[in-house]
Amino acid sequence: MKALPFLSLLPRLPGPRFPAALVGATVLELVVLTGHLVAYPFGLAQERRTPPGPPPETTPGATPGTPGTRPNRLPGSPAAERPVVLLHGFIDNRSVFVLLRRALARHGRRHLASLNYSPLTRDLRTAAELLGRHVEEVCARTGQREVDIVGHSLGGLIARYYVQRLGGDRRVRTLVTLGTPHGGTAVAPGAGIHPIVRQMRGGSALIEELRRPAPGCRTRFVSFWSELDQVMVPVGTACVDHPDLDAVNVRVTGIGHLALPVHPAVAAAVREALETQETREGTAPSTGTPSVA
């Protein structure tokens with residue numbers, strides 16, 4: 001597979017990586033957790049939403065691209081200014097994306113939207129339906145036809161279900177997942193208590209549902225996984241492995257699960273992944289979705 005340009009931005013550690021790298025990653029996880037606990041209260045409320053603006057239009061009789069024309073913004077075009085929807089993980093909220101959101105805004109992303117779903121949600125499918133309604137609202141408000149989504153942990157799995165099982169691929173151009181248990185994880189805190197967490201375990205009915213054929217899925221997947229992610233067991237479960245999906249799996253070294261949405265190198269790589277101008281039409285899915293290191 002051709003190397004993606006953003007891969008050079010990812011952190012690298014000289015071998016051997018263990019156990020020194022694991023100790024460093026654990027310390028970083030504790031620092032990130034402390035910072036996130038401080039920021040958490042500020043992300044409890046849903047963000048404010050501005051009223052929907054007028055949809056983009058083309059001046060009657062004018063040729064798109066000529067002076068005086070207000071072009072319909074087409075998916076994948078440089079003028080699209082696709083909104084980015086940020087979706088947090090389990091028992092979390094939008095505050096986890098403060099740094100990533102700032103990085104995207106600094107590089108010209110005008111439409112950034114975060115969604116808080118309730119930790120009391122008992123079915124991932126329900127959260128995926130909520131995401132679908134939120135995406136439609138964002139498209140109506142911004143006048144865009146498509147969005148990009150960045151999901152951390154469970155948020156990435158919710159977004160994948162929306163794309164793959166609820167027809168969300170017509171709205172989502174690129175889905176970036178950060179430490180998402182695409183294949184199910186053996187480490188699922190409270191798995192015997194909370195139904196939505198049980199759905200994240202390997203072999204669950206929902207995980208098996210995502211293994212079903214998905215011919216013609218139009219969304220491009222970029223999955224970031226870390227070899228030091230202690231929540232993903234095995235670590236390869238954070239990779240997208242589906243023959244029908246156009247997917248690239250990107251290995252990140254030296255950081256753990258909580259640091260994925262806040263690490264500056266990962267933020268830069270996510271931005272580059274979203275900006276990659278790849279057209280989907282006529283492009284075959286990546287066979288076997290091999291990992292890229």
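The values are calculated or read from the model by the stated rules, or taken from the named source; none is laboratory data. Everything numeric here is computed off the predicted structure, so don't read it as measured data. Cβ atoms come from the backbone with ideal geometry, glycine included; neighbour counts cover every protein chain shown. Just so you know, the surface numbers come from the protein's heavy atoms only, side chains and all, with ligands and any DNA or RNA stripped out. Shrake-Rupley method; radii C 1.70, N 1.55, O 1.52, S 1.80 Å.
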Note down the nm distance, to one decimal, between modelled labels 7 Å out along Cα→Cβ at residue 140 and at residue 107.
3.2 nm
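How large, in percent, is the carbon and sulfur part of the accessible surface of segment 170-246 at a probe radius of 1.4 Å?
Ligands and nucleic acids excluded, carbon and sulfur reach 57 percent.
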Quick check: pseudo-label points 7 Å beyond the Cα along Cα→Cβ at residue 186 and residue 201, how many nm apart are they?
1.3 nm
Using the Cβ atoms and a cut-off under 15 Å, what net charge is assigned to the surroundings of residue 203, where Lys and Arg are +1 and Asp and Glu are -1?
+1
Packing-wise, with mean Cβ within 10 Å as the measure, how do 159-165, 214-220 rank, highest first?
159-165, 214-220
Which of the three applies to segment 117-270, rounded, prolate or oblate, going by the alpha-carbon gyration tensor with a ≥ b ≥ c and a/c under 1.5 meaning rounded?
rounded
